[in-house]
Amino acid sequence: MFDRGVHVIVVGCGRVGSRLATDLVHDGHSVAVIDRSEAAFRRLPTGWGGLDVVGAGFDRDRLEEAGAGHAAALAAVTSGDNSNILCARIARETYEIPNVVARIYDPRRAEIYQRLGIPTVATVTWTTDQVMRKLFPEHTTAEWSDPTGRVRLVERALPNVWCGRALAQLETETGARIVAVVRGGVPNLAPDELVGQEGDVLYVAVTFTARDRLDDALAGKPGDAATRHGGPR
């Protein structure tokens, strides 16, 4: 996370905001929470150690009261997309807070704001991904995506067909890049000479056009994917 002792502003004291604020204080940061409703602060534990500010997160007076002038980070996690984005933009453009994130419910809008350089957490997309992860743990799951969606980091359980084979061969056939391998619960950066073992979990960086090749290579015999798709691109 951050170095210990930085100042963080949390806008919105709902379930997410109150938990975030409490955890940040527990980690040794100073925290100010802004919410329109004074009753919302009841979600915070008694004597939680931070500052309560009643008002709108995009109100400059309230932001200054919350310490925006020296804040290292701000998280806008209210229930309104417009409020969160407006707050995030003011935090970044007016107060030059270096680390800013906004929670967005509409995934289409989240992609737009990501491209504008405003980090977002798309609640619906994140929740859907987590549900799909539990429903189909054997399928590719996106852990991270660049703002354009062209490059993704995906998690994939290693099928038995790849046990005993050099994982570098998977990269050669698909054009993907294995970033890390979790083996026996221990994550390791993947060395070139690593051989697959039963129970391995791969974290693979893959382009949008290479995802089918990766799926085919993992589902079938090594060599099949490159043949069907005309080799890595």
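Let's see if you can work this out: charge +1 on each Lys and Arg Cβ, -1 on each Asp and Glu Cβ, no other charges. What is the dipole magnitude of the stretch 7-122 about its Cα centre, in debye to the nearest 20?
380
Can you run phi through the Karplus equation (6.51, -1.76, 1.60; θ = phi - 60°) for the stretch 29-41 and list ³J(HN,Hα) in whole Hz, with x for Gly and Pro?
9, 8, 9, 10, 10, 10, 8, 5, 9, 5, 5, 5, 5
What full-extension length gain, to one decimal in nm, is calculated for residue 161 and residue 177 as 0.36 nm per residue of separation minus the Cα-Cα distance?
Gain on stretching residue 161 to residue 177: 3.9 nm.
Applying the Karplus parametrisation 6.51 cos²θ - 1.76 cosθ + 1.60 with θ = phi - 60° to the phi angles of the stretch 58-66, what ³J(HN,Hα) value in whole Hz is obtained for each residue in order, glycine and proline being reported as x?
Those phi angles translate into 9, 7, 4, 4, 5, 5, 5, 4, 7 Hz.
With all pairs of different alpha carbon atoms counted, what Kirkwood hydrodynamic radius in Å does the stretch 7-122 show?
Working: mean 1/r = 0.0728 Å⁻¹.
Its Kirkwood hydrodynamic radius stands at 13.7 Å.
Only the coordinates and a few stated rules stand behind these numbers; no lab work does. These numbers come from a predicted model, not from an experiment. With ideal geometry, Cβ positions are generated from the backbone for all residues, glycine too; neighbour counts draw on all protein chains shown.
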